[in-house]
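Heads up: the structure comes next, in structure tokens.
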Amino acid sequence: MHNPPDTPQALHLLYEPAGFICSFRFEEGRARQMNWNEVVDDHPVAPAFSWLHVKTADVKIQQWLAHHSGIPEYITEFLLSSDTHPGLHATPDGVYGTLTDMKMEIGDTGTEKGALHFYLDRTRLLTLRTQPLISTNMLRQKVLDGGDFDNPMDLFAELLRCLADGFNARLDKLNDKVDDIEFSVLSDRRAEDRAELSGIRRQLAELRRFIAPERRILAQFQRLRPSWVPREALEDLTHALDELNELHSTVEAVYERAKLLQEEIASQMSEQMNRNLMALSILTALLMPATLVSGIFGMNVAGLPGLHDETSFWIVMGLMGGLGVATVAFLRWMKIF
């Protein structure tokens, strides 16, 4: 039975904070959802472990982290900070850091980038965020669906796979757009293809910036090989790293396709412009002799021949036509068209 709190501060913490999202306790691979009162009193002993997912900005969460979580003060300060730079830091008993994820909804900033702070040791995984993120939402659903996890590192590796799945879903949409544009370019190019490809390349470059730090963090984790992490869990981490590496290669391939398509569109536009300039040049060449003749006979000077001859007009028109035909023959002989 739950013991009553001894201090007003502890009593205040028993009320579920608005920043509490979810918590699970894992025993023998099975997960049991916990309420906030259970979280406050939860002290799992290996092989049991827990996962707590909360919002950073909640005051009650901040108080619990500072006074009741058992996490060192300098780590707590990092977890509650607004630092969004991806990174990994190791201690003798655990690791903590920041992962880059995509938001479930784009906010007022107009960016898809979100930061997930985490703390991991032998008996718990703690994740903190300011806005809803795709990876933690996917992980929570997998836990609710009965996912089997033997230790916190298994759960963390699954979080990384969810991270890769979120990136993959976004990449699939971009790849489909590139396929549509490629078909359009090879058949009947649309005017908006070039602008759309610019947007796709920008999103792919952003995805690349998301994935690269995660790969670096995982590689660093593998080099550290903490003693409290089981070997099997490190193998799961290796698989997660392989997925991110494959995802990175796919992003690079789609980016190159988009780049080549954009260059192809630019080449088509340049070719079309050259054809238009050629047509204008030929038209100018055809009209140049006629323009010269009309200019001469348009001079208002004495002694201009044919002024009083009724057939002069038709003679001049015939001369202009003959010069035009001669110009066409000359251009064909020069193989200009």
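At-a-glance table
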{"item": "Pair list, Cβ under 8 Å, 6 or more apart: region 53-73 residue more than 19 Å from THR123 (Cα to Cα), other residue aliphatic (A, V, I, L, M) and open to solvent by 10 Å² or more (accessible area, probe 1.4 Å)", "result": "LYS55/ALA18; LYS55/ILE21; THR56/LEU80; ASP58/ALA18; LYS60/ALA18; GLN62/LEU80"}
{"item": "Qualifying residue in region 142-157 (condition: at pLDDT below 90, within 15 Å of the chain's Cα centre (by Cα) and farther than 22 Å from VAL39 by Cβ)", "result": "no"}
{"item": "Residue in region 193-216 that is more than 19 Å from the chain's Cα centre (by Cα), open to solvent by 20 Å² or more (accessible area, probe 1.4 Å) and of a type outside the set (Val, Ile, Thr) present", "result": "no"}
{"item": "Flag if ALA326 is of a type outside the set (Ser, Thr, Tyr), exposed (fewer than 13 other Cβ atoms within 10 Å of the Cβ) and part of a helix (DSSP H, G or I)", "result": "yes"}
{"item": "Whichever residue in region 232-249 is acidic (Asp, Glu) and open to solvent by 70 Å² or more (accessible area, probe 1.4 Å) and, among such residues, is farthest from CYS162 (Cα to Cα)", "result": "GLU232"}
{"item": "Inter-residue pairs, beta-carbon under 9 Å, first under 16 Å from ALA18 (Cα atoms) and open to solvent by 30 Å² or more (accessible area, probe 1.4 Å) and in region 118-135, second part of a strand (DSSP E or B) and of a type in the set (Lys, Arg), 6+ apart", "result": "THR130/LYS55; GLN131/LYS55; GLN131/LYS103; PRO132/LYS103"}
{"item": "Check on VAL95, under 22 Å from ALA48 (Cα atoms), open to solvent by less than 50 Å² (accessible area, probe 1.4 Å) and either out of contact with any strand residue (DSSP E or B) (no Cβ under 7 Å at 6 or more places or on another chain) or in a helix (DSSP H, G or I) (or both)", "result": "no"}
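Residue by residue, here is whether (1) open to solvent by 60 Å² or more (accessible area, probe 1.4 Å); (2) part of a helix (DSSP H, G or I); (3) touching a Gly at 6+ places or on another chain (Cβ under 8 Å) holds:
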position	(1), (2), (3)
GLU252	no, yes, no
LYS259	yes, yes, no
GLU263	yes, yes, no
ALA266	no, yes, no
ASN276	yes, yes, no
PRO289	no, yes, yes
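The values are calculated or read from the model by the stated rules, or taken from the named source; none is laboratory data. As the structure is a prediction and not an experimental result, all values here were calculated from the model. Glycine gets a Cβ as well: all are built from the backbone with ideal geometry, and neighbour counts include every protein chain shown. The accessibility values were calculated without ligands, DNA or RNA, using every heavy atom of the protein model including side chains. Shrake-Rupley method; radii C 1.70, N 1.55, O 1.52, S 1.80 Å.
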